[in-house]
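Remarks on the structure that follows.
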Amino acid sequence: MSAFGYRGGELWVEEVPVREIAEGAGTPVYIYSASAIEARVRDLQRAFGSLPVRLCYAVKANPHLAVLRLLARLGMGAETVSGGEIERALAAGIPPERIVFSGVGKEEEELRFAIARGVLQINVESRDELRLAGALAREMGRSAAVALRINPAVEASTHEKIQTGREGDKFGIPIAEAREAFLEAQACPGLVPVGLHVHVGSQILDIHSFARSYGIAAELFETLRADGVPLVRLDLGGGFGIPYRPEDRGFDLDGLAALLEAVWDRLRCELILEPGRLVVGEAGVLLTRVLARKERGVRRWLVVDAGMHTLLRPALYDAWHGIRPVREPASAQEWEEVEVVGPICESGDVLGRGRRLPVLQRGDLVVLEAVGAYGATMASSYNSRPRAAEVLVRGRRWDIIKPRRPARAEFADERVPSWIEEEGPAGEG
């Protein structure tokens, strides 16, 4: 996290003291470093050199228009999983020919929209979806470029809830049915089968998970070409992890590049990668303020103004995020073990268990690290609490790119039926 560090006893992001953002935007607030995002994209581009690799950012990781615009300016495409994400990508300046439409369940109107806009390819998840896409394309007088997502029956080394390539998972067409499905696609008017898609999960640091799935996909690709299916593109998905814990290793970009070079040497086709977390995850922190200290026996809690409504990952995945104070701890400062918890009325609203932190008091500021991916995008207004603001920083400049959403705005569009007002007490009319 080179964009974040202590100077003069305070935490800074690029050339901005974090405390300044707290004063200007309030807390909780997500803070993203534009320079960190851009640096990671350039790392990816350098790693793959002259290989024909198309980078399509996984919009679900962080769909903010400002983030998408940064990536569009760097030449990245978008991997989308809904019609709404396609609209976001287009609004941010990513042209349709750089947009991939994925997702295990696509609505008819979403498919119509993708076909009408001429996206690069639709990653089809089932035989039913394949037939629907063909029927819609014919009805619209268009042709739809499709890639079929296969399920390679590969166990990835990641959390149970973000595995997507095992035999029992809901994703993709079983590998045993893939040849028949591709031949059906080739014979279907309105469809142009252009590629194959595989994706086995998220937050994967073990390169061997990718080696297995890429090998299975490459073998099927060769078989389909021999069958006469004119495939031109292999979409290898994403899922590339980042180090959340101090002991985690960083992602092996050189190892990934070597895998891609082997696939290219074998197939000589365009390759697509869909990085999301790897691009934005470490570029963001969540700034939150201590609301109260609680002690009971040997247990201590710090209650902060962010919670599971602000950052869901710890409650959903038992995810670990580094936590550190905005004021740099002095060498002689007293430390303690605490649980960092949010204000939500559930016992699962824990942001960090058993954390060693300097003794903090009401009003002190802390940050949760590596929240640029799957942070604000998964937030809610649960308990009718305002959603956090979002801020983007480059150098000495910072802007609120999404203001804190007040509670009243969350119910401003709710309507009370007139018949409730017309009834008497307890439904008496």
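Readers should treat all values here as calculations from the given coordinates under stated rules, not as data from a laboratory. Fair warning: this is a prediction, and the values are worked out from it, not measured in the lab. In this analysis, Cβ positions are derived from the backbone assuming ideal geometry, glycine residues included, and neighbour counts consider all displayed protein chains.
If both residues of a DSSP beta bridge must be in the chain, then about 50% of such bridges are antiparallel. Looking at region 34-280, the DSSP beta bridges with both ends there are about 5 percent antiparallel. Dividing the summed helix terms, -39500 (n - 2.57) for each DSSP H run of n ≥ 4, by the number of residues in the chain produces a 222 nm estimate of -8500 deg cm²/dmol to the nearest 500.
Using only Cα positions of region 34-280, each an equal point scatterer, no hydration layer, compute I(q)/I(0) via Debye at q = 0.09, 0.12 Å⁻¹ and quote the log10 values to two decimals. Once normalised to I(0) and log-transformed, intensities are -0.35, -0.64.
Residues whose amide H falls under 5 Å from that of Gly77, counting only those 5 or more places apart or on a different chain, are Leu55, Cys56, Tyr57, with hydrogens built in the peptide plane. Peptides 268-275, 346-353, ordered by how many other C-beta atoms sit within 10 Å of their residues on average, highest first, read 268-275, 346-353.
The aspartates and glutamates whose alpha-carbon is closer than 18 Å to the alpha-carbon of Lys106, local same-chain residues fewer than 8 away aside, are Glu79, Glu85, Glu87, Glu125, Asp128, Glu129, Glu139, Asp169.
By the gyration tensor of its Cα atoms, with a ≥ b ≥ c the square roots of the eigenvalues, what is the shape of region 60-101: rounded for a/c under 1.5, prolate for a/b over b/c, or oblate?
oblate
When the Cα positions of Leu231, Val146, Tyr374 are compared along the charge dipole of the chain, Tyr374 comes out farthest toward the positive end, with charges on each C-beta of Lys, Arg, Asp and Glu. Convex hull volume of the C-alpha atoms in region 6-79, normalised per residue: 112 Å³. Between the listed residues Leu111, Leu44, Gly241, the Cα displaced farthest toward the positive end of the dipole of region 34-280, a dipole computed from Cβ unit charges relative to the Cα centre, is found at Leu44. Computed over region 238-316, the range of Cα coordinates on each principal axis works out to 63, 24, 20 Å, biggest value leading. The listed peptides 380-387, 279-286, 96-103, 228-235, ordered by packing as a protection proxy, come out as 279-286, 96-103, 228-235, 380-387 (highest mean of other Cβ atoms within 10 Å first).
Mind putting a number on the dipole of region 34-280 about its Cα centre? Charges go on the C-beta only, +1 for Lys and Arg and -1 for Asp and Glu, and I need it in Debye to the nearest 20.
640
Work out, in µm²/s and without decimals, the Stokes-Einstein translational diffusion coefficient of the chain at 20 °C, 1.002 mPa s, Rh from Kirkwood over C-alpha pairs.
92
All other residues whose Cβ lies under 11 angstrom from that of Leu74 are scored, Lys and Arg at +1 and Asp and Glu at -1, for a net of +3. Taking label points 7 Å from Cα along the Cα-to-Cβ direction, Ala292 and Glu421 give a separation of 3.8 nm.
Let me know the charge dipole size of region 349-429 about its Cα centre in debye, to the nearest 20, where only the beta-carbon of Lys, Arg (+1) and Asp, Glu (-1) is charged.
Using Cβ point charges on Lys, Arg, Asp and Glu, region 349-429 gives about 1020 debye.
Normalised by residue count, region 1-151 yields a Cα convex hull volume of 147 Å³ per residue. Straight-distance candidates among the aspartates and glutamates for linking to Lys294, with alpha-carbon spacing under 14 Å and chain neighbours fewer than 8 residues away dropped: Glu336, Glu337, Glu339.
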